[in-house]
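*Asks:* Can you keep this structure in mind? I'll have questions shortly.
The values are calculated or read from the model by the stated rules, or taken from the named source; none is laboratory data. Keep in mind it's a predicted model, so treat the numbers as computed, not measured. Every residue, glycine among them, receives a Cβ derived from its backbone with ideal geometry; neighbour counts consider all protein chains shown.
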Amino acid sequence: MFRLFPTTFLIMALLVPLSRADAGQEGSVPSSRYMGGPAELVTTPNGAIVNKEVLEVLPKTFWTEGPEIENPVEGVYVLGGYLISACIVVEADEGLIVFDTGDTKKDGEKLLKAIRTFSDKPVKAIVYGHTHYCFGAGVLAEGNKDVMVIGHPDLNAIVRRNLSSGGAPAYFPEVSPYLTARALQQFNAFLPPEGPDAWYNPTNLNFDEMAFLPVNRAPEDGEAFEVLGVKMQFFTKYGTDDKGHTTVWLPERKICIQNALWSTPPNMYSIRGDLFRDAREWAELVKLVRDLEPEALIGYAHRPIVGKDNIRNTLNAYLDGIAFTLDQTLRGILGGYGPDDLRHMVKMPAYLEEDPHNFQSYGELSFQTPAIYYHTVGWWNGDAATIFRPSPQEEAERIVALIGGRDNVLEEAQKAYDKKEYAWAAQLVNYIYKLDPQDKEARLFKAKVLRQLAYLSTGANARSHLLTQALALEGKVTVPRLIPPQPQSIAAAPEVTVNYFRVRIDPQKSGDTDKVLLFNFQGDHSTVGLHIRRAVAEFLDDPDEHYKPGDVIMSLSGKTWAKLYLSQATVAELVKSKEIEMRRGTADEAERLIGLFDKYRPGKAVLVAPHLHD
């Protein structure tokens, strides 16, 4: 039996950082600028209303006034402000080595045009620093089939998996279409270029044709070799915001090209949703870069830094910011605090904030601490009263009634708004919104509150989500809930998306169904299937080994499967056009089985109404 002795209680008491009574003795002091704390708003040249701190601090570490080409050391060029991240060019005698190439073919065209302003040499080698910006490479190669493409050993597989699932990385790739849609919100896709709601940095993300070149030279961690006569060492063990990072060290020139340092603290949790980013791994990469003792630090997400001491001091401040965030979150957990407590308790010390790379201009610290908590402990905050909660709808009904009805709630929300307690105003109006998402007055008031929260935010992530949803509530933009994979991505790996299709089964429709549906993909692809057993669809990657044979077998191409997956055609239509051949069973039965799964709305790539609630 597990027992706690008195000495154990003493030790546990010592681990509590401060009592709950102490934590609550702030009185009327606002907990943040979102609850009436001091902040000053200013207007940028394109009319965007932003927190003044952003204009004062961010330009020190990032390109905010449009495209710039920096030449920090001889033969090295940094193209900043052209894309979400920087493109880096190293000039060699034989040609150019380009690091990261943008998100799309158009990005590659933009970068090549910029490169031609300082060099006529051909691009003969490309290095992918990570998996996010490797889709303009084909343009930069200019038809050269012999270009060396260097990247992490897993990069090709990661890119293929992300594209087949819908684009945005996800722990469960089946939900990538949902995270991809949220990524569009994060990267300003719905915001205007001018006016109060405009983006401050034009870091907008759009889907377009890609020009990806697969890695053909994948160095192991620590491996060194020459690239166009330039000695380089490659480190692939540690990553930051993805698992396909390659850090490059030029030993003869003491130059490090990396993604360890950003212009902002590590985004250990992106509010769009993403894979968990381990602060310990990020810190190890920062240490590795620091201990190389570079004299020039070139990054994809910050202005270049020159000078050994300057670089060491910057990296130490950044490393300590990571350690503080992680360690104080874990300390708070030991003290019995939950995720919502930690959002307000862990504040970056002033001495660490003095380094502009620790300025919260992308994500904000209050986003990181709950994410660490959830990954460490799970969803429960430790308070037994919160194990069983009313549904959001039940809570809204009771809170609205408790306050005295809809009009009283709106009145209280307006009072909070007038006191600049915007976070509280947003929570209050949200109760009304949950009860009736079409309540026009509630929608417009919520939009007004979200807009003020956006203007106050220093973090670009929060600002873009807040403004996007404000515009949607006002009916000015339509925001998708889902962005499905591109047809060509589905066609390239149809077996993968048959597996993902299983999560779309509707238990109300499937009833007592017990059928095996097989897809015989033509060409180099295999036969896979789904065993529909009432409310579950089991994916069969090797149907021959399954205990139940196929009841319905269709022969089709990956391109044809994409039409079914995206609800662009019916089985009957595809059988009639001879794009599907029925090998077993009837077209009607195949149609019935496919119809047990949720459909995308015909002719649309989105599944959501403008109010983001449907």
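*Asks:* Could you say which residue among ASP241, ASP197, ASP208 is out of contact with any helix residue (DSSP H, G or I) (no Cβ under 8 Å at 6 or more places or on another chain) and under 30 Å from LEU482 (Cα atoms)?
*Replies:* Exactly one residue qualifies, and that residue is ASP241.
*Asks:* Also, I was wondering about something else. Any residue at all in segment 489-498 that's surrounded by fewer than 20 Cβ atoms within 10 Å (Cβ to Cβ) and part of a loop (DSSP other than H, G, I, E, B)?
*Replies:* Looking for residues that are surrounded by fewer than 20 Cβ atoms within 10 Å (Cβ to Cβ) and part of a loop (DSSP other than H, G, I, E, B), one finds at least one in segment 489-498, hence yes.
*Asks:* Still on this structure, I have one more. Checking LEU261 against (1) part of a helix (DSSP H, G or I); (2) farther than 23 Å from THR376 by Cα; (3) touching a Gly at 6+ places or on another chain (Cβ under 7 Å), only one condition comes out false. Which one?
*Replies:* (1)
*Asks:* Oh, and also: So for segment 201-210 (the condition being surrounded by fewer than 19 Cβ atoms within 10 Å (Cβ to Cβ), among the β-branched types (Val, Ile, Thr) and in contact (Cβ under 8 Å) with a residue 24 or more places away in the chain), does at least one residue qualify?
*Replies:* Yes, segment 201-210 has at least one match.
*Asks:* Give the residues of segment 539-594 that are touching a His at 6+ places or on another chain (Cβ under 8 Å) and not hydrophobic (A, V, I, L, M, F, W, C), sorted by residue number.
*Replies:* Correct list: HIS546, LYS548, GLY558.
*Asks:* If you don't mind, there's one more thing I want to ask. Looking for something modelled with pLDDT under 90 and either surrounded by 21 or more Cβ atoms within 10 Å (Cβ to Cβ) or not assigned by TED's automatic domain parsing to the domain that holds PHE172 (or both) - is there at least one such residue anywhere in segment 507-523?
*Replies:* yes
*Asks:* Test of understanding: among LYS106, LYS124, which residue is assigned by TED's automatic domain parsing to the domain that holds VAL73, out of contact with any strand residue (DSSP E or B) (no Cβ under 9 Å at 6 or more places or on another chain) and either in a helix (DSSP H, G or I) or not β-branched (Val, Ile, Thr) (or both)?
*Replies:* Among LYS106, LYS124, only LYS106 is assigned by TED's automatic domain parsing to the domain that holds VAL73, out of contact with any strand residue (DSSP E or B) (no Cβ under 9 Å at 6 or more places or on another chain) and either in a helix (DSSP H, G or I) or not β-branched (Val, Ile, Thr) (or both).
*Asks:* Hey, another quick one. With the checklist (1) free of Cβ contacts under 8 Å to residues at least 40 places away in the same chain; (2) surrounded by fewer than 21 Cβ atoms within 10 Å (Cβ to Cβ); (3) acidic (Asp, Glu) in hand, flag the one item ASP107 doesn't pass.
*Replies:* Every listed condition holds for ASP107 apart from (2).
*Asks:* Could you list, ordered by first residue, the pairs with Cβ atoms under 7 Å in which the first is in segment 29-47 and closer than 10 Å to LEU456 by Cβ and the second is among the aliphatic types (A, V, I, L, M) and part of a loop (DSSP other than H, G, I, E, B), at least 6 apart or interchain?
*Replies:* What qualifies is ARG33/ALA39.
*Asks:* Could I ask something else about it? Can GLU293 be described as surrounded by fewer than 21 Cβ atoms within 10 Å (Cβ to Cβ), among the acidic types (Asp, Glu) and under 25 Å from the mean Cα position of the chain (by Cα)?
*Replies:* Spelling it out, it is not the case that GLU293 is surrounded by fewer than 21 Cβ atoms within 10 Å (Cβ to Cβ), among the acidic types (Asp, Glu) and under 25 Å from the mean Cα position of the chain (by Cα).
*Asks:* Please find, within segment 457-488, the residue that is nearest to ARG160 (Cα to Cα) out of those that are among the β-branched types (Val, Ile, Thr) and crowded, with 20+ Cβ neighbours inside 10 Å.
*Replies:* The extreme case among them is ILE483.
*Asks:* Scan segment 526-535 residue by residue and report those that are farther than 23 Å from LYS578 by Cβ and β-branched (Val, Ile, Thr).
*Replies:* ILE532
*Asks:* Right, something else. Quick one: in segment 62-80, which of the residues that are within 23 Å of the chain's Cα centre (by Cα) and among the aromatic types (Phe, Trp, Tyr) is surrounded by the most Cβ atoms within 10 Å (Cβ to Cβ)?
*Replies:* PHE62
*Asks:* Under 8 Å between Cβ atoms, which residue pairs at least 6 apart in sequence (or on different chains) link something in segment 511-525 that is over 16 Å from MET582 (Cα atoms) with a partner that is of a type in the set (A, V, I, L, M, F, W, C)?
*Replies:* Final answer for the pair search is THR513/ILE532; THR513/LEU593; THR513/LEU596; ASP514/ILE532.
*Asks:* Still on this structure, please answer the following. Out of (1) surrounded by fewer than 20 Cβ atoms within 10 Å (Cβ to Cβ); (2) touching a Leu at 6+ places or on another chain (Cβ under 7 Å); (3) not hydrophobic (A, V, I, L, M, F, W, C), what's the single condition that is false for HIS357?
*Replies:* The single condition HIS357 does not satisfy is (1).
*Asks:* Return yes or no: is GLU293 among the acidic types (Asp, Glu) and in a loop (DSSP other than H, G, I, E, B)?
*Replies:* Answer is yes for this residue.
*Asks:* Checking the condition within 20 Å of the chain's Cα centre (by Cα) and either under 25 Å from GLY459 (Cβ atoms) or of a type outside the set (Phe, Trp, Tyr) (or both), which residue from LEU315, LEU319, LEU330, LEU261 passes?
*Replies:* LEU261
*Asks:* In the list VAL50, VAL89, which residue meets the criterion of being modelled with pLDDT of 95 or more, hydrophobic (A, V, I, L, M, F, W, C), under 30 Å from VAL149 (Cα atoms) and not assigned by TED's automatic domain parsing to the domain that holds ALA413?
*Replies:* Of VAL50, VAL89, the one residue that is modelled with pLDDT of 95 or more, hydrophobic (A, V, I, L, M, F, W, C), under 30 Å from VAL149 (Cα atoms) and not assigned by TED's automatic domain parsing to the domain that holds ALA413 is VAL89.
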